[in-house]
1. In this model, which of Lys129/Lys245; Lys37/Lys197; Lys98/Lys167; Lys98/Lys197; Lys197/Lys245 are farther than 19 Å apart at the alpha-carbon?
2. For the pair Gln238/Ala123, report the inter-label distance in nm, with labels modelled 7 Å from Cα in the Cβ direction.
3. Near the amide H of Thr111, under 5 Å away, which other amide H atoms are found, from residues 5 or more places off or on another chain, if H is placed in the peptide plane?
4. If you take the charge dipole of region 90-192 about its Cα centre, with +1 on Lys and Arg Cβ and -1 on Asp and Glu Cβ, which of Gln172, Ser157, Phe145 is farthest toward its positive end?
5. How much of the DSSP beta bridge set in the chain is antiparallel, as a percent to the nearest 5?
6. Rounded to the nearest Å, what's the spacing between the alpha carbon centres of region 64-91 and region 1-36? Just the number, please.
7. Enter the angle in degrees (range 0 to 90, nearest 10) between the Cα long axis of helix 22-33 and the first principal axis of the Cα atoms of the chain, meaning the one along which they spread out most.
8. If you count the DSSP beta bridges with both ends in region 90-192, what percent of them are antiparallel, to the nearest 5?
Amino acid sequence: MYRMITSDLDETLLRADGSISTANVAAIKRATQAGLKFVPNTGRSFLSIQPLLRRLGLWNQPNQYVISYNGGAIVENWDNHVLLSHELPYEVARAVFKVLQQFDVAIHVYTLRGLAIYHPLVADLAYLKTRGVSATTMRGDFSQFRLGRIMKVIAMSPNVEVRQAAKMAVEQQVTQPVTCTFSSDRYMEVNPVGVDKGQATLALGQRLGISAAEIIGIGDNANDVAMLEQVGCGIAVQNASTEAKALADHVTVADFESGVSEAIDRWALN
């Protein structure tokens, strides 16, 4: 019935320390051996997940794919070939950056192949290290990105009230429309309007001749909701947010330790 599985990474497929359980690895390999596509669907850069792709047997493979930047880019794993990208216009990204400077947050500016952080926080850098993400430190001069391909701008704070206030400020003060979501209980993410994990999943499916009804999506947080709603079968892992669980078709008994394995065995390969 299903031909493609797309899964969020952090706190869905991966543990809190960024590692993946042997149960999840084995289930993904069973699915791919059975002919299903397994597509990581992450807010992170595709470059940061190359070690994970190696572990899953998907690294540098033709006809295997990654959705990154919350749907901002679709990449074929062979030579990291970018098939589709949706970037933030420079002036929009600059406006978002200026609004976020009003808050005590770390501001991430993701380009297609890089990450720069303004006002980095120790906890943020420690979290990124567990994900194998490298970054440069930037000052307040945003003009360095004028000729770059800006994929998203995000604010990091451990304080949920600060993240919510930052989201509200961006939505109220940036005149051009953008898409704001939360992730990992630490980030408020700003993507181009209309860009989300669900739309990118459907776009990849259309490219491969796979309908929405033939796709399983697995996630845990607000930036996964569009994916859970738009695919044929949306599954939330046990540690997912209340919102994600409410909108999913199924909720696993297991959390990120083996929730993806459970989803594959119960609904994808059954």
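Since every read-out is calculated from the coordinates, none of them should be taken as a lab result. Nothing here was measured: the structure is a model prediction, and the numbers come from that model. All Cβ positions, glycine included, derive from the backbone under ideal geometry; neighbour counts span all protein chains shown.
1. Lys129/Lys245; Lys98/Lys197
2. Result: 2.6 nm between the two label points.
3. Ala116, Met151
4. Towards the positive end, the residue furthest out is Phe145.
5. 60 percent
6. 20 Å
7. The answer is roughly 70 degrees.
8. 90 percent
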